[in-house]
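Structure, as C-alpha cells:
Where a number appears in this text, it was derived from the coordinates with a stated rule and is not lab data. These numbers were taken from a predicted model, which means no experiment stands behind them. We place every Cβ from the backbone using ideal geometry, glycine too, and count neighbours over all the protein chains shown.
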Amino acid sequence: MRHWMEDPDCRDQYSVIYESGERTAIFNNDAKDPIVSEERARWTETYVRWSPKGTYLATFHQRGIALWGGEKFKQIQRFSHQGVSLIDFSPCERYVVTFSPLMDTKEDPQAIIIWDILTGQKKRGFHCESSAHWPIFK
C-alpha cells in the first residue's frame, strides 16, 4: 500500500485538481520537475483528501467516498453516504468518518457515520443537530 515510501529518491507525493475540476493528478515531488505518478479524468466530483500516513487517497462523489491506494491507485474501498461533504481519518488509518447534511433522521441517524476502512462496514451512525464541528478526530 505504501509503495511511495520505497521511493529511492524519498520524494513526497501531492495531488492537483485542474481543468475546472475535470482532471486530477498525483505527482512525485522531484528536485527538477514534478513527475506525474497517476492522472485521471473525473476522478473526483469535488476534491480529494490524503489519509494521515498517505496510505489512501479519498475521492468525493455524490453517492459517497472512494479510497484509492497502491502503486497504480487501485480502488481499495467505497463508502456509500449520499451527499457526503466532509471526511476525517483516524490517526491510525483504521477508521474514516463521513458527514452528510442530507441524510439525517431521528429514527436512523446517518449525518455522521464511522466506517471500518479494511472491511468497509458501517460501525455506527450519529445524528447531527447543527453544523458539524470538524475535524472529528484530534
(message) Excluding same-chain pairs closer than 8 in sequence, count the lysine pairs in the stretch 3-126 whose Cα atoms lie under 26 Å apart.
(response) 10
(request) Restricting things to alpha carbons, tell me how big the chain is in terms of Rg and Dmax, in Å. (result) 15.9, 56
(request) Give the calculated FRET efficiency between HIS127 and GLN82 to the nearest 0.05, with a Förster radius of 25 Å applied to their Cβ-Cβ distance. (result) 0.95
(request) Convert each backbone phi in the stretch 88-101 into a coupling constant with the Karplus relation 6.51 cos²θ - 1.76 cosθ + 1.60 (shift: θ = phi - 60°), then list the ³J(HN,Hα) values in order as whole Hz, x for Gly and Pro. (result) 8, 9, 5, x, 8, 6, 8, 10, 10, 10, 10, 10, 9, x
(request) Mind checking the stretch 1-90 for GluC sites (Glu not before Pro) that DSSP puts in a loop (not H, G, I, E or B) and that have at most 16 other Cβ atoms within 10 Å? (result) GLU19, GLU22, GLU45, GLU71
(request) Can you figure out the FRET efficiency of THR119 with LYS32, using R₀ = 25 Å and their beta-carbon distance, to the nearest 0.05? (result) 0.05
